[in-house]
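The next block holds one structure in the form of structure tokens; read it before the comments.
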Amino acid sequence: MLVVGGAVAVQSIGPAAAAETTLRAAAAKAGLFFGVAASPNRLYPIVGQEFNQLTPENVMKPDTLATSSGGLQNTSGADTLVNHAQSNNMLVRGHTLVWHSQAGALQGASQATLNTFIGNAINRWGSKIAYWDVVNEALEDNNTGRRRNQWPHTMNRDANGDGDYFDSGDTDVIRDSFIRAKQVVQAGGFTTKLCINDYDVEGLTVQGGTPNRKANALYDIVRNYRQYIDCVGFQSHFNDNPNSIISSDLQANIQRFADLGVEVHITELDIDDDLSNNDIGSGQAENYRKVVRACLNVAKCTGITVWGISDSESWRSSERGLLFTGGNGSYQKKAAYTAVLDELNKGRTVSTSSVPTSSVPTSSVPTSSVPTSSVPTSSVPTSSVPTSSVPTSSVPTSSVPTGGGCSASVSVNAWTGGFVVSVRVTAGASTINGWNVRLTLPSGATVTNAWSANRSANSGTVQFTNVSYNGRVNAGQYTEFGFQGTGTATGLTPVCTAS
Ligand code: XIL
């Protein structure tokens, strides 16, 4: 199928690719990870066979790991999982640093102590953790759109009383925890990406079409702190709570977060199979299919994790929400498993190679146009763990080495009337201590927001310079910044100068 509108944005032509027979292989071919939450006593062969990402279900939470002064303790379970992931070629999502629940000895701690713990935990495993959930469940239940009033959010202070915590005089545990985490990652030279994770934030609306205020609040947080936040986790514990349904606007909500330039993950997926008291859809397998398809249709949705292997071993066993029955290492596939595998094997509908910068938005790809015989367009080899960034809708437009010790390349993710540009600054043969990237935007294009860089202007020729924490780039290494804008962003030729 070709979507014509001045640009080709979708491709699903070609012969059917041979279907993969494991979730991890099918996902890798489609350019995302498919993971599982696990515990050290449940590392059965199925974990490495079916999944290429692992989240510690409990052993990397503060109640296991943290001492009251922010030190580390009881790291052996986490080590076991990280080592298992490494030897099975799986990514790790670290879970979780700042959380009101399972806080253990950190309950009631100050920001300074949280910062100590954040530093110790990130440094302990470094780049072995591909993604860390820095802040978990910051927002209140019942679709109020407010922060929780439990610790650590009781430390938040709205200095000017304007109803948010985004002003420079405000105290915000989310902002401060991410700033600390970003500093630690930068100082250590780690590739770890930093995520915020929550539940009931999956759709644009909740039951009955009411706006999802919790999702909107999360969106505002990510937009305001985009320079520190790399990824957003939608927990996706779907059940018959009116705020926990699978709404038809799930994909649109994933897309709007992706349009901020962050990766999106489905982090804790389970789907209640009891449909008697809810409107979540037409059966568990079909519901799994919908969720997987919504992710596949958004290029920056780069991973899905199910919250456990089998129903009986799930934290919510009565909902029978997972992909396998059985237990203790002996598992049987459910219809939901087959549906997920089949959907993954269809691949993404977003082209990796032919999306021009003036393309139609990927969010306009109708879910009903899912091809049955598409060729996955991103060709991550099935045997390899996907990289943590799968920019399938972006097109690197140039890479211009300069004599000044750095080079820059851009990738553009565009839709009608808007764009997000990611810029990679790579140091040459020597370490640099500052950088300047000059870009000329086409007439009519305006920058509305930028992260991880200062900018000299919003239109025409714009100079982007490093911020305090990303000026130093070691020889051959890179850092990234980005910006968002209106209009079109074609023909960008970045020129990098090191200082
Ligand atoms: C759950 C675990 O699955 C349980 O074993 C534990 O008793 C409680 O926590 N949101 C999260 C996860 O972020 O950490 C929770 O995991 C489930 C809800």
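Tell me which aspartates and glutamates have Cα within less than 19 Å of LYS128's Cα, excluding those fewer than 8 residues away on the same chain?
GLU57, ASP79, ASP230, GLU263
In whole percent, what relative contact order does segment 190-282 give with Cα contacts below 8 Å and a gap of six or more residues?
34 percent.
Using alpha-carbon pairs under 8 Å, 6+ residues apart, how would you state the relative contact order of segment 146-223 in percent? Write out the running numbers ahead of the final one.
Values: 54 pairs, mean separation 13.9, N = 78.
Reported relative contact order: 18 percent.
Between TRP315 and ASN328, what is the label-point separation in nm under the 7 Å Cα-to-beta-carbon projection?
Between ASN328 and TRP315, the label points sit 2.5 nm apart.
Treat each spin label as a single point 7 Å out from the Cα along the C-beta direction, and report the ALA457 to SER76 distance in nm.
6.3 nm
Testing the spin-label approximation: label points 7 Å from Cα along Cα→Cβ at ALA335 and ASP170. State their distance in nm.
Here the modelled spin labels are 4.6 nm apart.
Using the C-alpha gyration tensor of segment 138-271, what are the square roots of 5 times its eigenvalues, in whole angstrom, with the largest one first? Walk me through the intermediate numbers first.
On the way: eigenvalues 123, 73, 31 Å².
Taking √(5λ) for each eigenvalue gives 25, 19, 13 Å, largest first.
Need the list of lysines near LYS346 for cross-linking: C-alpha distance under 29 angstrom, and skip anything on the same chain fewer than eight residues off.
LYS29, LYS193, LYS290, LYS300, LYS333, LYS334
Between beta-carbons, use under 12 Å as the cut-off and find the net charge around ASP133, counting Lys and Arg +1, Asp and Glu -1.
Details: positive: LYS61, ARG93, LYS193; negative: GLU137, ASP198, ASP230, GLU268.
Combined, the nearby Lys, Arg, Asp and Glu give -1.
Which residues does the label zone of ALA159 cover in segment 170-190, counting backbone N under 15 Å from a point 7 Å along Cα→Cβ?
Zone members listed by number: 170-173, 175-176.
Measure out, as a whole number of angstrom, how far apart the alpha-carbon centroids of segment 201-226 and segment 406-481 sit.
Distance between centres, Cα-based: 28 Å.
Taking H placed 1.01 Å from N in the peptide plane, check which residues at least 5 places from PHE34 or on another chain put their amide H under 5 Å from its amide H.
Here the answer is ASN52, GLN53, ILE304, since their amide H atoms fall under 5 Å of that of PHE34.
Report the calculated FRET efficiency for SER87 and ASP220 (r = Cβ-Cβ distance, R0 = 35 Å), to the nearest 0.05.
Once the sixth-power term is evaluated, E becomes 0.30.
In segment 230-313, which trypsin sites (Lys or Arg not before Pro) fall in coil by DSSP and have 16 or fewer other Cβ atoms within 10 Å? Present the calculation step by step, with values, prior to reporting the outcome.
Numbers: sites: ARG256, ARG289, LYS290, ARG293, LYS300; in loops: LYS300.
Hits after loop and neighbour filter: nothing returned.
Which whole-number percent is the relative contact order of segment 39-149 (Cα, under 8 Å, 6+ apart)? Before the final figure, lay out each step's value.
Details: 169 pairs, mean separation 32.4, N = 111.
Computed value for segment 39-149: 29 percent relative contact order.
Non-local amide H neighbours of VAL98 (under 5 Å, H modeled in plane, Pro and chain starts lacking H): which ones?
When sequence neighbours closer than 5 places are left aside, the close amide H contacts are VAL135, ASN136.
Around VAL410, what is the net charge, scoring Lys/Arg as +1 and Asp/Glu as -1 over all other residues with Cβ under 11 Å from its Cβ? The partial results should precede the final answer.
Details: positive: ARG424; negative: GLU480.
Once positives and negatives cancel, what remains is 0.
Values in this text are rule-based calculations from the coordinates and carry no lab data. Just so it is clear, the model here is predicted, and its values are computed rather than measured. When we count neighbours, we look across all protein chains shown, and the Cβ atoms used for this are built from the backbone with ideal geometry, even at glycine.
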